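Here is the structure we will look at, set down as structure tokens.
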Amino acid sequence: MSVLALVGYVVLGILILIMLSGIRFIPNNRIGIIEKRFSGKGSVKSGFIAINGEAGYQPRILRGGLHYLMPIQYVVHTMPLVTISQGKIGYIFARDGKQLDPAQVLASNASVTDFQDVEGFLKNGGQRGPQRRILREGTYAFNLVQFIVITEERIYTLALSKEEGDTIRGMAEVIAQRGGFRPVVIKDTDDTIGVVTVHDGPSLGQGEIIAPVVGDEPAQADTYHNKFQDADNFLRAGGLRGRQLQVLVEGTYYVNRLFATVETIQKTIIEVGNVGVVVSYTGELGADLSGLEYRHGELVSKGNRGVWSEPLLPGKYAFNTYAGKVISVPTTNIILKWIRTETGAHRYDENLTEVSLITKDAFEPSLPLSVVVHIDYQKAPLVIQRFGDIKKLVEQTLDPMVSAYFKNVGQTRTLIQLLQDRSAIQQQASKEMQEKFKHYNLELEEVLIGTPSSPENDTQIETILNQLRSRQVAEEQVETYSQQEKAAVKERELKEAQSRAQMQTRLTEAELNINIQTDQGKAEYQRSLQQAQQIRALAEAEAEKIARIGIAQALATEEQVRAYGGPQFQVTQQVLNRFSEAIQSSGVDVVPRVVVGGNNSEGGSTTSNVMEGLLTMLLSDRFSAMANEASKTPRSPEADALREQIRKDMEKKK
């Protein structure tokens with residue numbers, strides 16, 4: 001192989017390598033920024049990005065995948081995609097574009113629809129510098145040569161110089177100090193509002209301290225700029241730079257902190273029993289509503305500059321305290337005390353002291369006072385318009401007026417009269433001072449006078465008071481003795497009445513006892529009669545019973561006698577019965593264990609002899625004859641009649 005052929009192969013290999021070096025691979029999570037080293041169109045004549053194919057940084061970028069570029073002519077810088085986290089804000093800084101106007105702070109991007117289209121941004125008039133539009137959460141494929149994106153986590157850029165890097169880092173620090181990487185969150189539980197200060201746009205006019213609301217009403221302003229979240233529309237609608245009259249209430253707002261900062265302040269709270277009089281520092285000069293006769297300032301309608309004629313009723317208000325102030329005026333009764341050691345909770349009377357008097361008799365007591373005042377809520381703006389606040393009203397007007405009045409009263413009365421006529425002085429003062437208070441749009445409810453006291457190291461008044469006390473004590477003692485005398489008489493009469501009442505009670509009890517005993521005697525007598533009748537009846541019944549039983553027994557005996565042979569037989573039977581009972585109880589043997597024949601002299605048993613005698617009598621003929629005679633004796637008629645009556649009675653009982 002010749003040298004020429006070898007050189008040709010080498011050159012061809014080099015050309016192939018050069019051609020293959022034009023292949024570029026971009027991962028899907030990154031982008032490629034193209035830098036053109038040379039071009040037939042030369043370099044960029046103006047600006048920073050070569051939008052017409054000149055040498056320099058190109059507007060388009062390479063996305064993920066394989067790309068072929070002319071070797072040596074192009075350099076590809078691989079950069080990451082821009083990621084904005086959820087609930088965070090990203091800020092954009094453009095390196096190329098139109099210059100800002102002298103009054104501009106941020107670049108207007110109203111005509112830009114997509115920052116990822118660098119060529120469209122530049123051709124549509126996009127301005128260089130920090131942009132008014134912000135980035136919300138998401139992932140973006142930005143050309144990081146044209147745009148620098150500042151987030152809370154990092155700064156996305158292709159560094160070109162150290163000075164530029166320092167500038168961008170300073171901007172990031174300012175944003176972080178303003179809390180600009182997160183939205184503005186106003187919680188309803190905090191009772192706060194947001195006061196907005198705009199840092200871009202035309203300045204306020206001469207003498208103005210706060211920018212008016214864009215449009216006629218706040219609701220219209222929201223349609224223009226959506227609570228300061230659309231900076232371009234805010235400025236296009238005539239919004240001015242500076243602190244804004246419109247405030248932000250509860251909610252979440254994505255505000256560009258390079259465009260506007262937000263300060264949170266407390267809501268204005270009007271407590272129950274008060275109204276709020278608004279003194280506005282801004283607004284148009286309105287017509288005076290207080291009338292021609294009232295020359296203490298102007299009273300204007302709501303929204304105008306001055307004292308508003310309509311006070312704020314109790315409640316919570318999103319009032320911008322930079323645009324005015326709200327003076328709380330109590331509508332309940334106010335007690336003002338001219339007492340050095342006592343001060344009300346409102347502290348309007350903290351500088352008031354007792355009124356020094358000179359009486360008609362040249363005493364110099366100090367008179368403590370309490371005055372009850374009421375302010376009509378509809379007249380509260382007039383009071384504030386005239387005096388500025390309630391404390392000034394008390395110290396500059398009411399204090400000298402009340403003090404002078406009671407000094408005049410003290411000169412017309414002696415010290416004793418001042419003490420004794422306190423009630424009359426109170427009534428007179430309340431009546432006469434009402435007109436004076438009405439002149440100042442106040443309502444006097446009541447005047448209360450305390451006890452005059454001596455100045456320090458002065459005992460003359462105390463001496464007079466002690467004498468009055470002693471005199472009063474003496475008068476009270478006289479009255480006490482008189483009342484005690486009357487009480488003694490009444491006590492004696494009471495005791496007499498009580499004694500009579502006690503005697504009457506005893507007489508009544510005795511009379512009642514007599515009546516009770518009489519009634520008891522009558523009752524005992526009746527019970528005795530009843531018992532006598534009962535005993536008599538029982539006795540008669542018992543006698544009749546006994547008689548009947550006796551007659552029955554007699555008849556039975558008679559019948560038995562007749563049946564057994566007469567009375568002799570009956571007597572004999574009874575003797576035998578008694579004899580047998582005696583033998584049974586004595587335990588004597590009826591039949592002897594040893595029988596020896598013979599008479600008594602021969603040792604025979606006495607019992608055996610008696611038994612033999614009785615048996616002999618019963619078996620004798622004479623005993624039989626007597627029995628026959630007894631059986632033949634006729635019955636008596638009385639016995640028959642009684643027997644018949646008993647039989648009938650027994651049949652009735654059956």
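In this calculation the C-beta distance from Ser301 to Ile72 is compared with R0 = 45 Å, giving a FRET efficiency of 0.05. Model label sites at Glu446 and Ile339, defined 7 Å from Cα along the beta-carbon direction, differ in position by 1.4 nm. The calculated FRET efficiency for Leu158 paired with Lys45, based on their beta-carbon distance and R0 = 25 Å, is about 0.70. Spin-label model, Val174 to Asp188: label points 7 Å out along the Cα-to-beta-carbon direction sit 3.7 nm apart. Within straight-line reach of Lys41, meaning a Cα separation under 28 Å, sit the following lysines at least 8 residues removed in sequence or on another chain: Lys98, Lys123. Partners of Lys267 within straight-line reach, counting lysines whose Cα lies under 28 Å from its Cα and excluding those fewer than 8 residues away in the same chain: Lys88, Lys187, Lys227, Lys302, Lys316, Lys325, Lys379, Lys391, Lys392. With the convex hull drawn around the C-alpha atoms of the range 5-76, the volume per residue stands at 83 Å³.
Our summary gives the range 165-273 a relative contact order of 42 percent, counting only alpha carbon pairs under 8 angstrom and 6 or more residues apart.
Each residue in Val447, Val279 was given a count of other beta-carbon atoms within 10 angstrom of its own, and listing them fewest first yields Val279, Val447.
None of the figures in this text is laboratory data; all of them are computed from the coordinates on show. All values derive from a computational prediction rather than experimental measurement. When we count neighbours, we look across all protein chains shown, and the Cβ atoms used for this are built from the backbone with ideal geometry, even at glycine.
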